[in-house]
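Novice: Dropping the structure in here first, questions after.
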Amino acid sequence: MDVKAVREEFPILHQEVNGHPLVYLDSSATSQKPLKVIEKLEEYYRGYNSNVHRGVHTLGTIATDEYEGAREKVRRFINASSTQEVIFTRGTTTAINTVAASYGRANLSEGDEVVITPMEHHSNIIPWQQIVKETGATLKYIPLQPDGTILLEDARATITSNTKIVSIMHVSNVLGTINPVKEIAEIAHDNNAVMLVDGAQSAPHMKIDVQDLDADFYTFSGHKMCGPTGIGVLYGKKALLENMEPVEFGGEMIDFVNLYDSTWKELPWKFEGGTPIIAGAVGLGAAIDFLTDIGLDDIKAHEEKLAAYALHEMNKIDGMQIYGPEHRAGLVTFNLADVHPHDLATVLDAEGIAVRAGHHCAQPLMRWLEVSATARASFYLYNTEDEIDRLVAGLQTTKEYFGDVF
Ligand code: 7TS
């Protein structure tokens, strides 16, 4: 992979921030956008912006073809067996909430269990907390190992015949842990439970095959994979989605509306109430083309190399505490002695380096780590070893700045 050529595709990277060339290390929060996506959005708004699925006019037909064409791109990207299994949502959060509100509400009752882990993003915790409160079911957690991984024997002990839903992140946005979701799906299925995989941090960075994973539901966000904000995907197996009720009612998702009752369109549209996220889907399609042209295997290899290099270099700094396992996805979450991560991120920002500081929407995990917050550097296809050197130099500056705490 030619990183220099890749960087040329991202106009935002070529600027100075606070007098220094920008080093963007916050792609786990949201990725930057390549020209191909920016230009596709411009093409859409300049050329054929129209509502979809309704008109016979020419622009409406082009917009519909582009919107549905993007769905086919997503289908191929995750190897779903049909576009009926690809539902456009606002993002991962909306996708998980849809499963909880539809499948959860219909299938959970007292005595049933939902199984998750303490490393989940809030978006994969709170929807389950809410639905178990409503249905009388119980929320259970597979415990974590000290290095932030999950043992399959713990998964086997936690998932029981009372478990109806297992919902686990593929890759941790804090620890970088790559969870054995395929094996956990098998355990879930042995217990007649369904398996949701939160792919927010995996779809952007590795090849995904939902049929190979045997995930019943797989969710991800376009904005973390070079696409626009406001678009994401809920993949679900057709046999499950067909039996699920929509959660948003209104235009677009109906077949016939009578005074006192109505019927729904077929999949996937029954889950897409209201004017859909047309520009977002079209932009996501362009992002998928961009990532696929470069190759997900090359992107993954590049990020693994960056993560290994960052671990090696950052570990040399006195007072450095790094969280998560050795084998990890492309991010490093850390604390530097007693410097508050917000102070650390502020000093780095003055050097033009963007990292995230805070709880990363994973407060239960912060409690498990016994910290209130951490800093996080996350990498993507456009990052370089030189940028990691800049980060390490910035951390040295931070150390000097807060010298008295060491
Ligand atoms: N699940 C995981 C694993 C995530 O990392 C995120 C966002 C979400 C769900 C929610 O995605 P959304 O697009 O619906 O907001 N993670 C992060 C992060 O790590 N920093 O900012 C957002």
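Novice: If we sort 292-303, 258-269 on the protection proxy, mean other Cβ atoms within 10 Å, highest first, what's the order?
Specialist: 292-303, 258-269
Novice: Report the net charge of residues surrounding PRO127, where surrounding means a beta-carbon distance below 12 angstrom and charges are Lys +1, Arg +1, Asp -1, Glu -1.
Specialist: Once all neighbours under 12 Å are counted, the net charge is -1.
Novice: May I pose another question? What is the Cα centroid distance between region 30-69 and region 281-315, reported in whole angstrom?
Specialist: Distance between centres, Cα-based: 26 Å.
Novice: With θ set to phi - 60°, apply the Karplus curve 6.51 cos²θ - 1.76 cosθ + 1.60 along region 5-12 and write out the HN-Hα couplings as whole Hz, x wherever there is a Gly or Pro.
Specialist: In residue order, the calculated couplings are 5, 4, 4, 4, 7, 10, x, 5 Hz.
Novice: If you stretched the chain out fully between ALA157 and GLU400, how much longer would it get, using 0.36 nm times the residue separation minus the C-alpha to C-alpha distance?
Specialist: Numbers: separation 243, 0.36 × 243 = 87.48 nm, distance 4.82 nm.
Result for the pair: 82.7 nm of gain on full extension.
Novice: Then there is this: Under 5 Å between amide hydrogens, which residues at least 5 positions from THR89 or on another chain qualify, with H placed 1.01 Å from N in the peptide plane?
Specialist: GLY232, VAL233, LEU234
Novice: Springs between alpha-carbon pairs under 10 angstrom, Gaussian network model over the chain: which of THR219, THR58, THR138 fluctuates most?
Specialist: THR58
Novice: Place a +1 charge on the Cβ of each Lys and Arg in the chain and a -1 charge on the Cβ of each Asp and Glu, then give the dipole magnitude about the Cα centre in debye, rounded to the nearest 20.
Specialist: Charge dipole of the chain: 580 debye, to the nearest 20.
Novice: Tell me the net charge near ALA106. Cut-off is 13 Å between Cβ atoms, ALA106 excluded, with +1 for each Lys or Arg and -1 for each Asp or Glu.
Specialist: Residues close to ALA106 contribute a combined charge of -2.
Novice: Still on this structure, please answer the following. Please state the relative contact order of region 186-291 as a whole percent: Cα pairs under 8 Å, 6+ residues apart? Intermediate results must be reported in sequence, preceding the final value.
Specialist: Details: 134 pairs, mean separation 23.1, N = 106.
Relative contact order here is 22 percent.
Novice: Tabulate in residue order the Karplus-calculated ³J(HN,Hα) for region 26-38, using 6.51 cos²θ - 1.76 cosθ + 1.60 with θ = phi - 60°, rounded to whole Hz; enter x for Gly and Pro.
Specialist: My calculation for region 26-38 gives 9, 6, 5, 6, 7, 8, 7, 10, x, 3, 4, 6, 4 Hz in order.
Novice: Nearest 10 degrees, 0 to 90: what angle lies between the long axis of helix 341-350 and the longest principal axis of the chain (Cα atoms)?
Specialist: 80
Novice: Where the centre of each part is set by its Cα atoms, how far does region 331-406 sit from region 119-169, in angstrom?
Specialist: Measuring centre to centre over Cα atoms gives 29 Å.
Novice: Give me, ordered by chain and number, the residues 5 or more places off ILE353 or on other chains with an amide H under 5 Å from its own placed amide H.
Specialist: The answer is VAL23.
Novice: So what's the angle, to the nearest 10 degrees on a 0 to 90 scale, between helix 126-135 and the longest Cα principal axis of the chain?
Specialist: The helix 126-135 is inclined about 40 degrees to the chain.
Novice: Out of region 317-406, which GluC sites (Glu not before Pro) are coil in DSSP terms and have no more than 13 other C-beta atoms within 10 Å? Write out the running numbers ahead of the final one.
Specialist: On the way: sites: GLU326, GLU351, GLU370, GLU385, GLU387, GLU400; in loops: GLU326, GLU351, GLU370.
Listed in order of number, the matching sites are GLU326, GLU370.
Novice: Does region 250-323 classify as rounded, prolate or oblate by the C-alpha gyration tensor (a ≥ b ≥ c root eigenvalues; a/c under 1.5 gives rounded; else a/b over b/c gives prolate, otherwise oblate)?
Specialist: Prolate, because a/c is 1.5 or more and a/b exceeds b/c.
Novice: Return the sequence-ordered ³J(HN,Hα) values of region 256-262 in whole Hz as given by the Karplus equation 6.51 cos²θ - 1.76 cosθ + 1.60 applied to θ = phi - 60°, using x for Gly and Pro.
Specialist: 10, 10, 10, 5, 10, 7, 8
Novice: So how tilted is helix 296-314 from the main axis of the chain? Cα-based, degrees 0 to 90, rounded to 10.
Specialist: 30
Novice: So for region 1-55, averaging the separation of alpha carbon pairs under 8 Å that are six or more residues apart and normalising by length, what relative contact order in percent results?
Specialist: Worked out over region 1-55, it gives 30 percent.
Novice: A further question on this structure: What relative contact order, as a whole-number percentage, does the chain give when Cα pairs under 8 Å and 6 or more residues apart are counted?
Specialist: Averaging sequence separation for qualifying contacts and normalising by length gives 22 percent for the chain.
Readers should treat all values here as calculations from the given coordinates under stated rules, not as data from a laboratory. This is a predicted model, so every value here is computed, not measured. Every residue, glycine among them, receives a Cβ derived from its backbone with ideal geometry; neighbour counts consider all protein chains shown.
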